[in-house]
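The numbers here are math on the coordinates, done by the rules we state, and not lab data. All of these numbers come straight from a predicted model, not from anything done at the bench. Cβ sites come from the backbone with ideal geometry, for glycine too, and all protein chains shown count toward neighbours.
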Amino acid sequence: EQINKGHYEHYMQKEIHEQPESLTTTMRGRLIRRGSSKSKSVLLGGLKDHLKTIRRSRRIVFIGCGTSYNAALAARPILEELSGIPVSMEIASDLLDRQGPIYREDTAVFVSQSGETADTLLALQYALENGALCVGITNTVGSAIARKTHCGIHINAGAEIGVASTKAYTSQIVVMAMLALAIGGDTISNQARREAIVDGLYDLPNKVREVLKLDQEMKDLAQLLIAEQSLLVFGRSYNYATALEGALKVKEVALMHSEGILAGEMKHGPLALVDENLPIVVIATRDACFSKQQSVIQQLHARKGRLIVMCSKGDATSVCPGESCRSIEVPQVEDCLQPVINVVPLQLLAYHLTVLRGFNVDQPRNLAKSTVIK
Ligand code: G6P
């Protein structure tokens, strides 16, 4: 594999733009489509001896740090829906600080791009001692997490050099959506949903190619936001993770304060921050929570919020409340895969903001690609 920037200026830029290809590699050989009458499904070789145990577990616990944690959060709703198993979320350091309960009947899923993050590894040690079945999701064959877990899935996104994780994030979500399909099994009641997801996965690289065309638009938006002190990102449901991840990108590379906010919590604090100066991105693509997000937009508009609305293609005029509201229109996909699409404009925004503000995109100050020392 060639590790160079090709015709790109930075690794982060290259890694954002190669997502149609990295996602294709992640899915290669793993999706099964046996013709329209037979069920569509997934094949995850690394799990085959453990699927039964996973299906019988009392709880699935996702454990990770940073972007990897956010990817797991994006996949949580579909895993809950298809498996019916309660899914809890743990930031590795917090689980260790609390010495939180992990049981023999748990399946603990460790998500890590590098497979070497110290906190995640220590949490793995802890879960192994407590007798949980441990599953690794990493991008690095032979990494400590890949070796020490009982079974796992490689995301196969290719080497990621930029400190800010981009293509690994989208591949992690796709792998966890496939994990949900694998655990969920093939019941009649969820057949149509499963088929829609498998079809959606097949088409995802094309949709990502489409959303990448927003590059110039995101550069223009970055130009507008270049001197801001802060940026809020509101999301909910599948796209709560997108809000957290978009904000994480902006703060880690563009060195601008940014906060991902669960839109359902807006009135419990964040609303006090809203005025005509603070820019706010609201993710309002079509899903079961769309009307709730429309009402969030109305409430922010009523308080003169400076809105940038991310919506499904064709929705801009109906979703944007006023002249001053900017829109980012993205292609619509199956709701549980929408986080893969929606994060891309935010990755591009963070990238352009960083370059325009004159900071180091691939090596942000004080951060490391892999935090192997506690
Ligand atoms: C560091 C990196 C982040 C990454 C996190 C978890 O903080 O700067 O980009 O998300 O570690 O890394 P992992 O390799 O475990 O996914």
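When only Cα pairs under 8 Å and 6 or more residues apart are kept, what is the percent relative contact order across segment 36-158?
Working: 214 pairs, mean separation 30.7, N = 123.
This gives 25 percent for segment 36-158.
Just to confirm my understanding: which cysteines in the chain have no other cysteine beta carbon less than 4.7 Å from their beta carbon?
Taking the Cβ cut-off of 4.7 Å, the unpaired cysteines of the chain are Cys65, Cys134, Cys151, Cys289, Cys311, Cys336.
For each of Tyr202, Tyr238, count neighbouring Cβ atoms within 10 Å of the residue's Cβ, then give the residues from fewest to most. Present the calculation step by step, with values, prior to reporting the outcome.
Numbers: Tyr202 14, Tyr238 26.
Starting with the residue having the fewest Cβ neighbours, the order is Tyr202, Tyr238.
Treat every Asp and Glu Cβ in segment 191-298 as -1 and every Lys and Arg Cβ as +1, leave all other atoms uncharged, and give the resulting dipole magnitude about the Cα centre to the nearest 20 debye.
Values: 12 positive and 15 negative charges, 67 e Å.
Charge dipole, segment 191-298, about its Cα centre: 320 debye, nearest 20.
Between Val141 and Tyr202, with labels modelled 7 Å along Cα→Cβ, what's the label distance in nm to one decimal, could you check?
Here the answer is 2.8 nm between the modelled labels.
Counting Lys and Arg as +1 and Asp and Glu as -1, each charge on the Cβ, what is the dipole of the chain about the Cα centre in debye, to the nearest 20?
Dipole size: approximately 780 debye.
What percent does the relative contact order of the chain come to when contacts are Cα pairs within less than 8 Å and at least six residues apart?
Values: 737 pairs, mean separation 72.6, N = 374.
It rounds to 19 percent for the chain.
Filter Lys167/Lys251; Lys167/Lys313; Lys5/Lys48; Lys5/Lys313; Lys48/Lys251; Lys14/Lys148 down to the pairs with a C-alpha to C-alpha distance above 29 Å, please.
Those over the limit are Lys5/Lys48; Lys5/Lys313; Lys48/Lys251; Lys14/Lys148.
Under DSSP H, which helices of the chain have Cα atoms covering 24 Å or more of the helix axis and a Kyte-Doolittle average no less than -1.0? Show your work: numbers first, answer last.
Values: long enough: 66-83 (25 Å, 0.14); 167-184 (26 Å, 1.41); 191-211 (28 Å, -0.64); 338-357 (29 Å, 0.94).
In the chain, the long hydrophobic H runs are 66-83, 167-184, 191-211, 338-357.
With Cβ to Cβ distances under 11 Å as the rule, what net charge do the other residues near Ile78 carry (K, R +1; D, E -1)? Don't jump to the answer; show the numbers that get you there.
Values: positive: Arg76, Arg193, Arg194; negative: Glu80, Glu81, Glu334, Asp335.
Once all neighbours under 11 Å are counted, the net charge is -1.
Which of Leu307, Cys65, Tyr8 sits farthest toward the positive end of the charge dipole of the chain, with +1 on the Cβ of Lys and Arg and -1 on the Cβ of Asp and Glu?
Positive-end residue among those listed: Cys65.
Hey, can you grab everything whose amide H is under 5 Å from the amide H of Phe234? Only 5+ residues off in sequence or another chain; H modelled, so Pro and N-termini drop out.
Result for Phe234 returns Ile261, Val281, Val282, Ile283.
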